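S.K.: Quick one: this structure, given as structure tokens, is what I'll be asking you about.
The values are calculated or read from the model by the stated rules, or taken from the named source; none is laboratory data. Predicted, not measured: the structure shown is a model, and the values here were computed from it. Glycine also receives a Cβ, built like all others from the backbone with ideal geometry; neighbour counts cover every protein chain displayed. The protein model used for the area step is the full one, side chains on, heavy atoms only, and it has no ligands, DNA or RNA in it. Shrake-Rupley method; radii C 1.70, N 1.55, O 1.52, S 1.80 Å.
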Amino acid sequence: MTGAGPPAQRRDLAYIDALRGYAVLLVIIVHSGAAIAELPYPLKRLTNLGWHGVQLFFLVSCVTLMMSWRGDEARGRANAAKFWVRRYLRIAPAYYLAGLVYFFVRPAPHGFQPGIALASALFVNSWHPLTTPTVDGAWSVVPGGWSIGVEFSFYLLFPLIARTVRTMGQAVMFCAGAITLAVVTNRVVAADLIDLYGKRAASEFLYFWLISQLPVFALGTVLYIAIMELTPAASGRWLGRHALVLTAALALAAVAVAEGHFTEYLGQSLRNPPQIALITVLLACFSLVVSQSGPGVLVNAPIRALGKVSFSAYLWHFGALDFLRHVAPSLFAATGWAAIGAFGVVLLCAVPLVFAVSWLTYKCVELPMINVARRLTR
């Protein structure tokens with residue numbers, strides 16, 4: 001496959017909103033399950049798969065950024081400085097607002113800490129265990145803000161990646177290099193981090209930081225080229241020719257998700273870069289199928305609406321769950337079969353509540369700042 005052309009004329013992009021909707025729904029599911037302490041283990045294990053909604057976010061982010069950059073190149077106006085301005089104004093205002101709100105509704109355990117606040121404001125909070133944070137009792141300015149720090153760190157690299165990765169071969173090489181870098185770097189720094197911060201904090205940090213998540217973004221370049229090379233008429237034939245490869249990828253990723261034996265065989269921890277990459281292959285296969293689907297079961301109006309406000313939904317779903325816990329604490333204290341029902345009720349209440357709040361901030365904060373960024377960089 002060669003480098004893909006401008007995306008605007010290629011296909012309807014409704015599937016992008018759908019994929020974002022699935023990503024944030026997975027995140028809401030995992031945190032709803034985690035909020036009910038006595039949820040039976042089989043269901044808890046299933047809800048824990050929602051943890052990988054963040055990887056789906058990263059995949060879709062890389063695809064949309066590549067589309068935008070290639071479109072700007074086609075018009076002769078691809079520019080790194082303008083790209084960074086647009087991304088900052090797209091993310092920062094809503095993120096800062098969320099940090100301010102959470103400072104009052106989820107007070108910092110040890111009071112205001114300028115270093116952590118500054119790291120979060122500059123989006124470098126995912127660069128150190130004390131600011132990510134993974135150490136006990138540390139202040140997280142925005143719950144789940146580690147992923148936004150990783151995303152912003154990727155933005156710094158993206159112009160170089162977009163200019164370098166233009167063919168499927170280059171994208172595959174990028175993936176191989178990213179996985180190798182993550183495995184080697186994590187092994188080199190793990191011992192020192194464990195000595196300084198303990199095994200749990202070090203393990204979580206080595207999962208959260210950009211080095212471990214870079215293979216996900218690299219697979220996003222593979223997914224972008226695959227999507228751009230497929231036309232609606234050819235997609236069925238392409239998927240048919242590659243059915244065996246896709247099936248093998250799905251099976252391998254399913255094994256990695258379902259059991260820890262595969263990673264134990266490799267001598268890695270459960271959150272190692274090869275496993276992250278395998279899970280992302282599963283998500284990429286799903287994304288490829290969704291990209292070839294017209295309006296219908298997979299690309300439906302509700303999931304697209306949720307995807308439209310997905311950034312705000314990611315920011316506010318923690319607060320929504322806190323609100324529900326305050327209003328109906330008995331739901332979160334349920335046990336046994338009642339806990340399964342409580343999980344369903346929490347999820348059915350959380351999703352529309354998150355959507356309502358997110359629609360408001362999307363309209364009042366995100367869209368106006370997107371328009372400001374467009375005017376500044378026009």
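S.K.: Sort the range 180-226 into rounded, prolate or oblate with this rule: let a ≥ b ≥ c be the square roots of the eigenvalues of the Cα gyration tensor; rounded if a/c is under 1.5, and if a/c is not under 1.5, prolate when a/b is larger than b/c, oblate otherwise. All intermediate terms of the calculation are to be shown ahead of the outcome.
M.R.: Details: a/c = 5.47, a/b = 2.67, b/c = 2.05.
Taking the square roots of the gyration eigenvalues as a ≥ b ≥ c, the range 180-226 is prolate.
S.K.: Moving to a separate point now. May I ask you to compute the full-extension gain from D136 to E73, defined as 0.36 nm times their residue separation minus their alpha-carbon distance, rounded to one decimal in nm?
M.R.: Length gained between D136 and E73: 18.1 nm.
S.K.: Taking a ≥ b ≥ c as the square roots of the Cα gyration tensor eigenvalues, with a/c under 1.5 meaning rounded and otherwise prolate when a/b beats b/c, else oblate, which class fits the range 100-188?
M.R.: prolate
S.K.: Still on this structure, please answer the following. What FRET efficiency comes out for the pair R378/A301, r = Cβ-Cβ distance, R0 = 35 Å, nearest 0.05?
M.R.: For R378 and A301, the calculated efficiency is 0.65.
S.K.: May I ask you to give the percent of accessible area on the range 113-168 that is carbon plus sulfur, with a probe radius of 1.4 Å?
M.R.: Reported share for carbon and sulfur atoms: 72 percent.
S.K.: Along the charge dipole of the chain, which of G296, F286, L46 sits closest to the positive end, that is, farthest toward it, with unit charges on the beta carbon of Lys, Arg, Asp and Glu (+1, +1, -1, -1)?
M.R.: It is G296.
S.K.: Also, quick follow-up: Could you compute how fast the range 85-152 diffuses translationally, taking Rh as the Kirkwood radius over C-alpha pairs and applying Stokes-Einstein at 20 °C with viscosity 1.002 mPa s? Give it in µm² per second.
M.R.: Translational D for this selection: 180 µm²/s.
S.K.: Pop a pseudo-label 7 angstrom from the Cα along the beta-carbon direction at both A92 and T180 and give the gap in nm to one decimal.
M.R.: Between A92 and T180, the simple spin-label model gives 3.7 nm.
S.K.: For the range 85-196, what relative contact order do you get, as a whole percent, if you take Cα pairs closer than 8 Å and at least 6 residues apart?
M.R.: 20
S.K.: State the extension gain, in nm to one decimal, for the chain segment bounded by V172 and A121, taking 0.36 nm per residue of separation less the distance between their alpha-carbons.
M.R.: 15.0 nm
S.K.: With every protein chain kept in place and ligands, DNA and RNA left out, what is the accessible area per residue of the chain? Probe 1.4 Å, answer in Å². Mind showing how you got there, number by number?
M.R.: Values: 17260 Å² over 378 residues.
With the other protein chains kept in place, the chain gives 46 Å² per residue.
S.K.: OK, next. Expressed in nm to one decimal, what extension gain is obtained for the pair L46 and V345 from 0.36 nm per residue of sequence separation less their Cα-Cα distance?
M.R.: 106.0 nm
S.K.: Can you compute the FRET efficiency between K363 and D322 using 1/(1 + (r/R0)^6), with r the Cβ-Cβ distance and R0 = 30 Å? Round to the nearest 0.05.
M.R.: For K363 and D322, the calculated efficiency is 0.85.
S.K.: Taking 8 Å as the Cα distance limit and 6 or more residues as the minimum spacing, I'd like the relative contact order of the range 312-378 as a percentage. Before the final figure, lay out each step's value.
M.R.: Numbers: 29 pairs, mean separation 28.2, N = 67.
Worked out over the range 312-378, it gives 42 percent.
S.K.: Here's a follow-up. If you roll a 1.4 Å probe over the range 299-378 with all protein chains in place, what percent of the accessible area is carbon or sulfur?
M.R.: Carbon and sulfur: 72 percent of the exposed surface of the range 299-378.
S.K.: Something else about it: Only Cα pairs under 8 Å and at least 6 apart count here; give the relative contact order of the chain as a rounded whole percent.
M.R.: Details: 480 pairs, mean separation 114.7, N = 378.
The normalised contact order for the chain reaches 30 percent.
S.K.: Now, a different point. Give the residues of the range 137-159 whose amide nitrogen is closer than 11 Å to a point set 7 Å from the Cα of D192 in the direction of its Cβ.
M.R.: none
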